[in-house]
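Shown next, in structure tokens, is the structure this report addresses.
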Amino acid sequence: MKLSSVVAGLSAAVVAFQGVAYAAQGEASLLRPPGAQGEKDFSARCVKCGKCIEACPYLALFPAPGDQGFATGTPMVDARSQACRLCEDFPCVDACPTGALRDVEQRLDVRMGTAVIDEDLCIAFQGMRCEVCYRTCPLIDQAITIDYRMREGDAIHSVFAPVIDEERCAGCGLCVERCVVDEPNVAIRIETHAERARGGA
């Protein structure tokens, strides 16, 4: 057996072990690129090659910072600064050489996470008309709709409440990037699958 084959096999084993380790430790509640099939699967396959990062035309992907343990260097999205645009041709998925990103043919196939609205912070729930998250969603009227209703106890103001369809939300984060509320926190966030598996962040 060639030495290069042995080295390659050992490298793959180390990456897989590290991936399982940081997934098990709960360190990786990171928003992953389209095509990631759960944190355990993704971490076992990702070799931190950076090809998906290079392929992203919107510069939405970047390496996880050094405080993320074994997840350091793996691709992630910071939705508030630059969300995923759900490119219809998915160049990040095509660029992945290991299958860490796969099985995505259309936007409805993407499951990066689920948008969660903080009704105490969202100004739409306070009677102010705001449809920013709704209008910016690439799956408008599928992943997010507007519930038009009168505000409880208020005969003057209507509520234009955004409603997330958890079965269709791709978790791309465009709603987070564009949300007009940022004090004390952004009124909408993406709950990753790792967070959901642990019962929320």
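The values are calculated or read from the model by the stated rules, or taken from the named source; none is laboratory data. Every value quoted in this text rests on a predicted model; they were computed, and no experiment measured them. Positions of Cβ are backbone-derived with ideal geometry, glycine not excepted, and every protein chain shown enters the neighbour counts. Side chains are part of the model used for accessible areas, which takes the heavy atoms of the whole protein and leaves out ligands, DNA and RNA. Shrake-Rupley method; radii C 1.70, N 1.55, O 1.52, S 1.80 Å.
Find the accessible area per residue for region 54-182; the probe is 1.4 Å, ligands and nucleic acids are left out, and the unit is Å². Intermediate results must be reported in sequence, preceding the final value.
Working: 6680 Å² over 129 residues.
Averaged over the residues of region 54-182, the accessible area is 52 Å².
Around Ala95, under 10 Å between beta carbons, what's the net of Lys plus Arg minus Asp minus Glu among the other residues?
Numbers: positive: Lys51; negative: Glu54, Asp94.
Here the charged neighbours net out to -1.
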Derived scalar couplings ³J(HN,Hα) [region 165-170; Karplus, 6.51 cos²θ - 1.76 cosθ + 1.60; whole Hz; x for Gly, Pro]: 8, 5, 7, 10, 4, 7
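Among 43-55, 73-85, how do they line up from the highest to the lowest mean number of other beta-carbon atoms within 10 Å? Intermediate results must be reported in sequence, preceding the final value.
On the way: 43-55: 19.0, 73-85: 20.9.
Descending mean neighbour count gives 73-85, 43-55.
Return the carbon/sulfur percentage of the accessible area of region 23-97, one whole number, probe 1.4 Å, all protein chains in place. Before the final figure, lay out the partial values.
Details: 1760 of 3450 Å².
Carbon with sulfur: 51 percent of the solvent-accessible area.
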HN-Hα couplings for region 181-193 via Karplus (6.51, -1.76, 1.60; θ = phi - 60°), in whole Hz with x for Gly/Pro, come out as 9, 9, 10, x, 9, 5, 7, 9, 9, 9, 8, 6, 5
In whole Hz, with x marking every Gly and Pro, tabulate ³J(HN,Hα) for region 69-82 from phi via Karplus 6.51 cos²θ - 1.76 cosθ + 1.60, θ = phi - 60°. x, 5, 7, 3, x, 7, x, 8, 10, 9, 4, 5, 8, 6
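If R0 is 35 Å, what FRET efficiency do you get for Arg80 and Glu152 from their C-beta distance, rounded to 0.05? The partial results should precede the final answer.
Numbers: r = 30 Å, r/R0 = 0.87.
Calculated transfer efficiency: 0.70.
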Using only Cα atoms, what Kirkwood radius does region 39-135 have, in angstroms? 15.3
Output for region 52-130: chymotrypsin sites (Phe, Trp or Tyr not before Pro) sitting in coil per DSSP, at most 15 other Cβ within 10 Å, listed by number, reads Tyr58
